[in-house]
Amino acid sequence: MPLPETDPGRQFRLELRGISKSYPAVRANDRIDLTVAPGEIHAVVGENGAGKSTLMKIIYGMVRPDAGDVLWNGRETQISSPAEAQRLGIGMVFQHFALFDTLTVAENIALALPEKLPLKAVAARIVEVASRYGLPVDPGRHIYTMSVGERQRVEIIRSLLQKPGLLIMDEPTSVLTPQAVDTLFVTLRELAADGCSILYISHKLDEIRALCERATILRGGKVTGVCDPRRESSNAMARMMIGADIQAISSARTVSAGSERLAIHNLSLPASDPFGTTLSDISLSIRGGEVLGIAGVSGNGQQELLAALSGETMFADPQVITIDGKPAANLDPRQRRAIGLSSVPEDRLGRGAIPSLPLSENALLTNGGPDSVRGGFIRLDKVKAFAERCIAEFGVRGGTADSPAGSLSGGNLQKFIVGREILQAPGVLVVAQPTWGVDIGAAIAIRQAILDLRAKGAAVLVISEELDELFEIADRIAVIASGRLSPSVPRGRFDRDAIGLAMSGQFAAASNRSEASRVHSV
Amino acid sequence: MSIRFELRAQPSRTMVWLSPIIAITLTCCVAMVIFALAGLEPVSALATFIFSPLADLYSVGELLIKAAPLVLIAVGLAVGFRAGVWNVGGEGQLILGVIFGGFIALTFGPTGGVWVLPVMVVGGAIGGAIWAGIPAFLRTHFNASEILTSLMLNYVAQLWLSYLIFGPWRDPAGFNFPQSAPLAPSALFPTLIDGTRANASILIALVAVGLGWALMSKSFVGFQLKVTGLSEGAAKYAGFSAKRAVWIGMLAGGVAAGIAGVGEIAGPLGQIFPTASPGYGYAAIIVAFLGRLNPIGILFSGLLMSLLYLSGDVAQMSLGLPSSITGLFQGTLLFFLLTADVLIHYRLRATSAAGAPKGAANGL
């Protein structure tokens, strides 16, 4: 099939010419050209910080470009606001949904419609669109009762009701189970067949190769390539994305597991707020030299479990959590750190680090032991030396010990935070979303650091939404869904479909499948 | 061509210290306009306003004696402000210091020895701490906003003091004036500089600056308080207790204000009046922010605010203006400071009408 850009008689739905946008510290978009034909599914690929979000915000009218032209159906257009973009027929589904939890589907959608319609009419239109594209949704349901995948469906229907000519999807699969991803792709293909163009933002190359006809690859704010992803290898695209070959991580897989270092015994915890998740009867055990991965769609109890482990949530019964056999559930985070448990939160800025403070003081955040503090006073030279060690040993670039944490890129800050915890030689490390929003190079370095720590005999718990990451580094994988933890599956019996089923809460079905596949493979 | 604000890549360290200078300059401009409107020659009136309180040694002594409580309270409040604990009850805590210290002075002063004054200081500190402890307790147990509770307790404290002075503590030999009996010499701070009223309470303020600096810049507790103030999430993750920060923050302000209260009755006043404080507890809030919540900065801003109090008297005596001009200039100063603080995080950038930036940003 010829690429659309080689066909001169065809008019583009959207064309960008020489779009540039600068922020104080960075040139986010540098003379970007992009064309999308009607009915085309077009991927915009790039690492975090490559300029994808800025470009989408320009198309959706949230940001004005410094220079360049936007052509909509061949006509030059100034898109000055999201309302204007919607009027033109541009819809956007955001990575973080903008829905009111306490309202119903129909109420949420009615709020977004430009004209005032009675709720019944809105509901009728929802059902009509939903059935046409195979997006089953009950208009009368409240948002808070819905899974993340269902909420995304609501967002998509909301955009579709405006009859868009272009739908922008921003990292749509990061919150979905593998099965839900397949369903989404079917819907997107049907939409495209109806003539709606789709701009698909992602950094997951396998998905792009499965779904998209064309891909524009961004690096450092510039277009580094346009290709047909179905014909390129993932490696070739990755090279355009990061400008270098991807290194493989080396794992000495044969660390023999030692004695139990972290254990949870029948942990139950009622949700502290109405939209939180109740943890019920969670038990697990990790030995030294072992990485346990916890998979799951976000919002299924990961945050609550992390807080219970790090010590932000404490328990009356000390025996619920044991660290190296010592009862620890009644200890606060500093006391747990003192007996060897470190944690890395998923939220880098505002939890793992404070953006306005220099790296040296951020190093002190969790490293307040006798090395850094004597007689109640901070030993500035030691603290600074420790920060410099984190920077040197973990390849943190773009900052010194005196740079504010907020001035670093996400990947470099994450390397610093992980380094800060690992350099304190914890016996147990609990990490949440270690590589979320991090560039590929940093992600590899962080995974390598986790495996190196494992090789030294530490027990590591990794909570991640990225299944591929867990497949790469975990020795066992358990799944958390609705606050319950499935039994763990050892490496070698990892099965993407079974884990996907478990992620939607169907533990029994998942274990049946896994049994079946085992029998099958034998 | 238009001018708009643009977020800086990182907060400007220069502007942190330049902003108070801009605020002071702009306040002087407003002062000159007001002088001109009042029919005075603006420049010479401003010069009188600023320099006449510094004309002689006695006046310098007055400057120091007024700056001392402002600096002392502001340092105490800054400990809390840095931790995100908004103690606006300095005035009430000061009055409790007056009541506790006053009780000790009136009861033991006439018969006691040199120990009376130190006991008064400790008593005043305890009084201020108790008054600050009430909002701290309400905040940590019921999540009640300490801004409201500490503010309301100011009025309660004021009424308590009035009751005591109009009732049990009224000086029988005072011709029915609302005032206590004069305090005994053992209950007074010794004078530091002959020929002035500058007394040893100034040394307490200097010690507070030193302690505050060590606590905030050098100690791990100070770091924990700072983290708590900057980011609740990070403090929780690190295991720094938010409740502990509330207690430390409130009590630091309460102890400082309580001691400042003792400094008032055991200093220039030498007697307890219902109006023991000319609003030091409130003015100290301005002093704390003007000094960037930094004890060294507070030392200077305290002197400046003290100058404003004295200049108010000058305005009344030599310029024929009402003394409320002090409050007006204090407010103006705070207003300009908060305005100029925007430039710490933002810079001004000239843009053409089309929205495209024109050249690099200039100095600000």
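Quick notes on this one:
- Of residues in the range B:194-221 being more than 16 Å from B:I248 (Cα to Cα) and among the small types (G, A, S), the one farthest from the other protein chains (Cβ to nearest Cβ): B:G195
- Selected residue [open to solvent by 70 Å² or more (accessible area, probe 1.4 Å) and at the interface with chain B (Cβ under 10 Å from one of its Cβ atoms)] from A:R351, A:R389, A:R374: A:R374
- For beta carbons closer than 7 Å, sequence separation of 6+ or different chains, a first residue in the range B:273-296 that is farther than 19 Å from B:I147 by Cβ and a second that is acidic (D, E), the qualifying pairs are B:A276/B:E264; B:S277/B:E91; B:S277/B:E264.
- Check on B:A78, touching a residue at least 60 places away in the same chain (Cβ under 8 Å), open to solvent by less than 10 Å² (accessible area, probe 1.4 Å) and touching a Ser or Thr at 6+ places or on another chain (Cβ under 7 Å): no
- Candidate set from the range B:222-236 (those that are open to solvent by less than 20 Å² (accessible area, probe 1.4 Å) and hydrophobic (A, V, I, L, M, F, W, C)); member that is farthest from the other protein chains (Cβ to nearest Cβ): B:L225
- Residues that are farther than 30 Å from A:P355 by Cα and either within 14 Å of chain A (Cβ to nearest Cβ) or not in a helix (DSSP H, G or I) (or both), drawn from the range B:1-35: B:M1, B:S2
- Exactly one residue out of B:A200, B:A205 is buried (at least 22 other Cβ atoms within 10 Å of the Cβ) and over 21 Å from A:S310 (Cβ atoms): that is B:A205.
- Selection within the range A:336-348: residues that are open to solvent by less than 20 Å² (accessible area, probe 1.4 Å) and at negative phi. The member of this set that is nearest to the other protein chains (Cβ to nearest Cβ) is A:P345.
- Selected residue [crowded, with 22+ Cβ neighbours inside 10 Å and in the same structural domain as A:S482 (by TED's automatic domain parsing)] from A:L331, A:L306: A:L306
- Filtering the range A:74-85 to residues that are open to solvent by 60 Å² or more (accessible area, probe 1.4 Å) and within 15 Å of A:R13 (Cβ to Cβ) leaves A:R75, A:E76.
- Residues satisfying the stated conditions in the range A:354-371, i.e. more than 9 Å from every other protein chain (Cβ to nearest Cβ) and either in a loop (DSSP other than H, G, I, E, B) or not polar (S, T, N, Q) (or both): A:P358, A:L359, A:A363, A:N367, A:G369, A:P370, A:D371
The values are calculated or read from the model by the stated rules, or taken from the named source; none is laboratory data. Source: prediction; values computed, not measured. Positions of Cβ are generated from backbone atoms using ideal geometry, with glycine treated the same way; all protein chains shown enter the neighbour counts. SASA here: full protein model, heavy atoms, side chains in, ligands and nucleic acids out. Shrake-Rupley method; radii C 1.70, N 1.55, O 1.52, S 1.80 Å.
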